[in-house]
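What follows is a set of notes on a single structure, which appears directly below.
The values are calculated or read from the model by the stated rules, or taken from the named source; none is laboratory data. A quick note: this is a predicted structure, and the numbers were derived from the prediction, not measured. Neighbour counts are summed over all protein chains in view; Cβ atoms, including those assigned to glycine, are modelled from backbone coordinates with ideal geometry.
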């Protein structure tokens, strides 16, 4: 195979420290796309199940199986309810957002006060966890029950904590029979939703396979 260089004459360099935090945010969300969505349930000290979607989310390890997501803090540096709950009992459940549960998952992003269950506001159904005390959402085809592996506070240049990164070790996978085959997930039947910039989302489009090269 022969590779050729493509000369691009029109481009720009934008230095992150020379523009606003909001401008950096827009470029990140428009560049890192599509992003998977972690639909997370957690439980507060009174046993109330909280639910919220997060698109700063991905896999970080398979041995042990670890997923991560991060959440921006509220004004004044207060943790989001989800993070505070996880720090309290060290457990949470991550669900996949798909075409069938998107509207309800999005509804849980509502700014409900502490102690009010977004699960109930979105008319979702909970099922007790198998390996954790936190319930999962019945309307999701995939759920990963997690124990807190690590919590990282992310600081701005002034030393203020403005994001909380959570790494969770998956202790149990829940997968609906219809999307599971031979140890793998049928992505076409799962119909996952991706996150774009602003209020944008995307469906799973055309997919293809490409072999990884080997050096001989």
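Tabulated data for the structure shown
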quantity	calculated
Qualifying position, being in contact with a strand residue (DSSP E or B) (Cβ under 8 Å, 6 or more places away or on another chain), modelled with pLDDT of 95 or more and closer than 27 Å to residue 18 by Cα, among 175, 152, 185	152
Residues located in the range 1-33, provided they are surrounded by 10 or more Cβ atoms within 10 Å (Cβ to Cβ) and in a loop (DSSP other than H, G, I, E, B)	19, 32, 33
Residues of the range 196-209 classified as surrounded by 14 or more Cβ atoms within 10 Å (Cβ to Cβ) and in a loop (DSSP other than H, G, I, E, B), total	3
Residues that are under 22 Å from residue 106 (Cα atoms) and free of Cβ contacts under 8 Å to residues at least 40 places away in the same chain, drawn from the range 129-157	138, 139
Any hit, the range 79-98, residues being surrounded by fewer than 21 Cβ atoms within 10 Å (Cβ to Cβ) and over 22 Å from residue 147 (Cβ atoms)	no
Matching residues, the range 174-195, being surrounded by 13 or more Cβ atoms within 10 Å (Cβ to Cβ), free of Cβ contacts under 8 Å to residues at least 60 places away in the same chain and assigned to a strand (DSSP E or B)	174, 175, 180, 185
Hey, residue 166 in a strand (DSSP E or B), within 22 Å of residue 136 (Cα to Cα) and in contact with a helix residue (DSSP H, G or I) (Cβ under 7 Å, 6 or more places away or on another chain) or not	yes
Leading residue by the ranking (farthest from residue 69 (Cα to Cα)) among those in the range 32-57 that are in contact with a helix residue (DSSP H, G or I) (Cβ under 7 Å, 6 or more places away or on another chain) and without any contact (Cβ under 8 Å) to a residue 60 or more places away in the chain	45
